[in-house]
Structures are given as C-alpha cells and as structure tokens.
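Below you'll find the structure, written out as structure tokens, and then a few comments.
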Amino acid sequence: MVDMSVKIGSVTLKNPIMPGSGCFSTDLAQVMDINRLGAMVAKTVSRDYRAGNPPPRAAEVEGGMINSIGLPTKGIEYFFEHQVPDYRRFTPPLVGSISATTIEDFEAMARDVAKGDIDVLEVNISCPTRDPKGGNFALHAEHTYDVVKLIRATTEKPVWVKLSPNAGDIVTVAQAAERAGANALVVSNTILGLKINTDTLRPAIGNKFGGLSGPGIKPVIVRMVYQCARAVKIPIIGCGGIVKVEDVVEYMLAGATAVMIGYLTFRNPSGMIAIIDGLEQWCVKRGFKRVADLTGAMIDEAPMETFAAAAMPIG
Amino acid sequence: MATEPFTSAPVMVGRSAAAPEPRPIPAEESLCPVISHSWVNAEYRHLVVEASPKALAVTPGQFFNLLCPSPDVGELFFRRPQSVYRIDRPKGRVEFLYKCVGRGTRGLATLKAGDDLNMVGPLGVGFHLDPTWRHIVVLGRGVGIATLGPISQLAKDNGVGVTAILSARDADFVMAGALFAEAGEVVSVLDTDGTSAVDNVEKILDGLIAQKRADAFFTCGSNRLFQLMKRVGRANTIPGQVAMEQVMACGLGPCYVCVRTFEVDGKKELRRVCIEGPVFDMQEAVGW
C-alpha cells in the first residue's frame, strides 16, 4: 500500500491529483467518478456576469492548444447559490477560484468568499487573456504582493495564488506572494501565445492572443516549479502539460506537492483517474511508500553520463 | 470491448480500478473496431464501427468526440466531434458519414477495417420527438444530412411521417437518399438545376404546411436554410430544432470553447454546443 495523501498547508488531499481551474465542472460526472480526485477546482468566477471572449475560443497547436475563453461567469452570487451546492454533491475538497481587474474588486470578492462554502480560495491573478493585451497582476511582484496581502487580511481560508509564466522573473513574484501570506502557489497559468490561420491570414482565435497549454509547455513549467520551490517555503502545485504518470512524478521531483491537470481531460476524459491509479503503481514499482516523498526528490546532480565523462576528460 | 490501454493516446488510459461507482457514468472513452470504411463520393466517407454498450445507447442528434489519427508528421491535440449517422442496435454498430475537409477528418479517413477508433460518448442533447406529431419535415444540406438520419429513422419507427428535403451541389452529393426513402418521402434540391434556391425550398415548405404535413421542423448543415426554416416556422408556429456545430476542446462542458449565440426574449446569451446542444430550439438559435 502506498500512502497517496499529500498535505498542502492545513489541507490534506487523499491524492495529489486535481483538475486545473477552467478544465473541470460537475459535467465530468458524465465520464468519471469525481469522488476519486484529490480535490475539485472550480472555474474562476468574477464578481459580476461576464460573457467571455468571442469564438473561436481555442485552436490546436503542435504540442497542445491555445485558448482564450475570457473567464465567462454568472458572477459570484450565482456561484455560491447554484454551483457550490452542485459541487457539494461530491466529496473531494472544493477549491473556489476568483479573478478581478482591480485590487478593490479582489478584496470585495475575498470578503464574499470568506463566508462561502469552499475549502480553499485560489486567487487567479494570472489569466493571460482577461485583459486582451495579456497583462495581469502576476506579471509584477509588487502588484502580486498588494493583492494577496489584501485578500489574506479578509479571509481565514487557505489562499492559493496562481502565478503566470509570462512574468519576467517568476521567482520574485512567488516570493512576493509568500511574503503577503499565500498558503500555496499554483505554478502556473498558461503562456501567452499567438496562432495565425494560414488559410485566412487572420488570428486563429477570436481574442487574437491566447494561453498556450498542453505537453509542449511542460519543461518550461517544471523548470519554474523547481526554481520557485527553492525560493519559497510554502507548498507548490505544479500545473502545465501533464498527460501521463511520469509527468506528475517529474513535477513532484522538481518540488511540487501536488499537481493540476487540464489539457489531458480534453484528450482522455477520464485521464485523471488513470493517473491516480498509475501513480500508485509507479510508487510501488519504484519502492516509494509515500507519494509525498517524491516532492523535491530530484537528485540535484548532473546526469550519470556527465559524471562518467568528467572522470575521463578527453585529451 | 477492448480493455487494453488506449494505445493511440499519449497516456495509458484504462478503466478506473476503483471501488464501485456511486452514480451512473453514461459516457466513456472506448476503442471501437472499424467494421467498414468507404468513400460515398469524392468528398464523403461512410464509417461503421462496432460500438460498446454505452456507445450504443446514443440517441438521434447526439455525438461522439473522436480521437482521429494524424494525417501528417504532426499530432492532433483535439478530438473531433462527429454526430451519429445511423444507430444499428441489432448489429451493435454505430455509423458516421463525414466530409474529408481538414486535418482531423483526413486523419480519420486513414482508418481501415480492423483498426480501432477511440471514441468518447455518447455526448450532448439530441433531438426530441413529440408523440403527438403526425408528420415532420427534415431539411439538411451537405454533411448536415447525416445528422438528420437517426431522427428520421426514429420518427418512422414511431409511425410519424417524414419528408426529407436534401439539399446538395449536384445529384452526387445527395447522400443517404436510400436511408431517408426508407423513413419517408425524399425531396432532393440541387444547385445544378436551381431547385436548392431558398425561395424554391420555401415553396416546398409552404406546400407541406398546406397539406398539414409539417408538425415539426428539423434542420442541420446550412445557415441559409436554417434561417429560412426559422422564419417559416415562426410565421406558422411550427416548433423546430436545429443541430449545430462549433470547434470543441473538451466536448464535455467544462471548457466553454464551443459556444454559440442564442436569443431569448430579446436577450442574447451564449450556450455550449457540446452539453446544452448540439440540438437547440430553432427559434432561440441565432445562426452561424
């Protein structure tokens, strides 16, 4: 038996696998047993209704996909009145995710959320297409600090801050979030990209720019997880391009305590469940009694053949 | 059914080895052996697969999200939604009729008899058939004709009369004529002789209404014909349903990629084709 549980601050998950925000809803009960997930992560909500961005909202690219959905939402009141009770038909902890364009709006939302029936608050300060030009709080350490500090002061709930790979220096943003009182970091949101349709000579998606995700971005985000894990003490949740068990292992070796999965669900709808099973089998095969022991367990030395080469210099 | 991992997928995905499922799970990812796969004309192919029990529960208007093989050196990262063309429960088969038009369908076209097709489904909200209707009219063009096959069959099985107006470029592209002829009366309208013009189709619809052979309208495949049927339906208070397409990512609801515009009481809203459709109320749909 492998102990599959992981601890993210005060929250214990029965396994480290959860969906990424925007890639999950109770609609997935069509194809999977949702109760097996480590946690449920709701789609990001804003305070008021948002229609989202014009279609087409996504296109495939080599290595994954590019999307600009634009955070459509019926607002936070609807979320608590209708969507939260719907999620509560299932047993995993519920992570609510919020977004806003101003710091005041974020604070007001955090106040609403503090009273609401969610277990964890994910602060999405990194949607690359909410602002059509791609800007967001998570691009700057000081903006991140200010918004997280205000939210921290308004709620006792665990606060997870979702970072952006588009920041020039994600490590200083991670440190700012930690300093402001974040309980964990989600690394990360999508990479801002552009796809052009060569038949029409126009952008492939309605918003022009979109967020790149899928297996093609994984090495970039694993590197960021590694760098952030060495720079902060709070747990990190790895997110980006996981499509198989070994990808989860890689994220955890780099320093992640748990992971979020998005694109895979589009390709293999019950893929998260298969990964939960496969991760346990992987741990058995490799002699890990606790999946949590994988976190940060990368042997931080050069690959073996590099050692061998160093021992026998040429010439 | 195959219980092996899905070899065409980048990850080993098997059925969950979990404890008993607490609630029914109506759709699944399954590998369906290809029984036959042939060209219908220069552009369309007819694909017959052996369906899993869950897949075989598909109803008219519902769809499967297909993992198509790649037609080139790249990979396909999205599935392709494909509505079902024929449901053959006695033989345990599901059939598709599709147009080879892009990378997905060109990849799909490479499958041979004996290969496995990775399908997710059945998905979405299909057509509704009211038991009080005596005669329905289905109006399809191009690949939309395929989508209207199962509802015509179901109507016939329930003793409801069907008039199928099939619109195409020329006689070669009036597909499935035999299938619709089994279900009822077929009226082909063509670009080559001008019969497919909107005003001519309108005359045909008016004629059916006058003969009281139009208790409900169904359409798929042409925005022009949809707009016509919507207008004639509104003027004569005939209920209607339209099956719509849109680029999809998840096909299951969460991702909000496949939205289209609808209008209810003068207020516009976006709905997801994959889970709130693909079949919608004709008067609420705005078109595409």
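Derivation of every value follows stated rules applied to the coordinates shown; laboratory data play no part. In this text the structure is predicted, and so the values were computed from the model without any measurement. Here the Cβ is made from the backbone with ideal geometry for all residues, glycine too, and neighbour counts use every protein chain on show.
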Original post:
Convex hull volume of the Cα atoms in chain A, per residue, in Å³?
Top reply: 151 Å³
Original post:
Measuring from label point to label point, each 7 Å out along Cα→Cβ, what is the residue A:62 to residue B:182 span in nm?
Top reply: 4.5 nm
Original post:
How large, in Å, is the range B:115-163 by the Kirkwood hydrodynamic radius built from its alpha-carbon pairs?
Top reply: 12.5 Å
Original post:
Relative contact order for chain B: what is it in percent, counting Cα pairs under 8 Å that are at least 6 residues apart?
Top reply: 16 percent
Original post:
Given charges of +1 on the Cβ of Lys and Arg and -1 on the Cβ of Asp and Glu, with all other atoms neutral, how large is the dipole of the range B:135-281 about its Cα centre, in debye to the nearest 20?
Top reply: 400 debye
**OP:** With θ set to phi - 60°, apply the Karplus curve 6.51 cos²θ - 1.76 cosθ + 1.60 along the range B:25-40 and write out the HN-Hα couplings as whole Hz, x wherever there is a Gly or Pro.
**Re:** 10, x, 10, 7, 8, 9, 9, 10, x, 7, 8, 8, 7, 9, 7, 8
Subject >> Given charges at beta-carbon only (K, R positive; D, E negative), |dipole| of the protein assembly as shown in Debye >> reply: 300 debye
Original post:
Taking the Cα centre of the range A:168-315 as the origin and placing charges on Cβ (Lys, Arg +1; Asp, Glu -1), which of A:187, A:284, A:210 is farthest toward the positive end of the dipole?
Top reply: A:210
Original post:
Between residue A:77 and residue B:235, what is the FRET efficiency for a Förster distance of 25 Å, r being their Cβ-Cβ separation, to the nearest 0.05?
Top reply: 0.05
Original post:
Distance in nm between label sites at residue A:172 and residue A:114, each 7 Å beyond Cα in the beta-carbon direction?
Top reply: 3.1 nm
Original post:
Where does each of B:256, A:49, A:145 land when they are ranked from fewest to most other beta-carbon atoms within 10 angstrom?
Top reply: A:49, A:145, B:256
Subject >> Ordering of A:195-203, B:68-76 by burial proxy (mean other Cβ atoms within 10 Å per residue, highest first) >> reply: B:68-76, A:195-203
Subject >> Alpha-carbon spread of the protein assembly as shown, three principal axes, descending order, Å >> reply: 82, 58, 51
Subject >> Residue among B:123, B:51, B:85 farthest towards the positive dipole end of the range B:28-123, charges placed on Cβ >> reply: B:85
Original post:
Any idea what the relative contact order of chain A is, in percent, if you count C-alpha pairs under 8 Å spaced at least 6 apart?
Top reply: 20 percent
**OP:** Take the Cβ-Cβ distance between residue B:89 and residue B:110 as r, set R0 to 22 Å, and report the resulting FRET efficiency rounded to the nearest 0.05.
**Re:** 0.20
Subject >> 15 Å Cα-Cα reach of residue A:289 towards aspartates and glutamates, excluding residues that sit fewer than 8 places from it in its own chain >> reply: A:3, A:277, A:280
Original post:
What helices in chain A pass both tests, a Cα length along the helix axis of 30 Å or more and a mean Kyte hydropathy of 0.0 or higher, using whole DSSP H runs?
Top reply: none
**OP:** Give the order of B:133, A:282, B:39, A:160 when sorted by the count of other beta carbons within 10 angstrom, beginning with the fewest.
**Re:** B:39, B:133, A:282, A:160
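Which entries of A:14/A:157; A:149/A:233; A:43/A:244; A:74/A:195; A:195/B:268 have Cα-Cα distances beyond 21 Å here?
Working: A:14/A:157 19 Å; A:149/A:233 17 Å; A:43/A:244 23 Å; A:74/A:195 29 Å; A:195/B:268 29 Å.
Correct reply: A:43/A:244; A:74/A:195; A:195/B:268.
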**OP:** Take the Cα of residue B:172, step 7 Å along the line toward its Cβ, and report every residue of the range B:183-199 whose backbone nitrogen sits under 18 Å from that point.
**Re:** B:189-194
**OP:** Quick one: work out the % antiparallel among DSSP beta bridges in the protein assembly as shown, nearest 5.
**Re:** 55 percent
**OP:** Starting from 0 in steps of 10 Å, tell me what percent of the Cα-Cα pairs of the range B:135-281 lands in each bin.
**Re:** 11, 40, 34, 14, 1
Original post:
Taking a Cβ-Cβ separation under 4.7 Å as the criterion for a possible partner, which cysteines of the protein assembly as shown have none?
Top reply: A:23, A:127, A:228, A:239, A:283, B:32, B:68, B:100, B:220, B:258, B:274
Subject >> Taking A:12, B:195 and counting other C-beta atoms within 10 Å, the order from fewest to most >> reply: A:12, B:195
Original post:
Placing +1 at every Lys and Arg Cβ and -1 at every Asp and Glu Cβ, with all other atoms neutral, what dipole size does chain A have around its Cα centre, in debye to the nearest 20?
Top reply: 120 debye
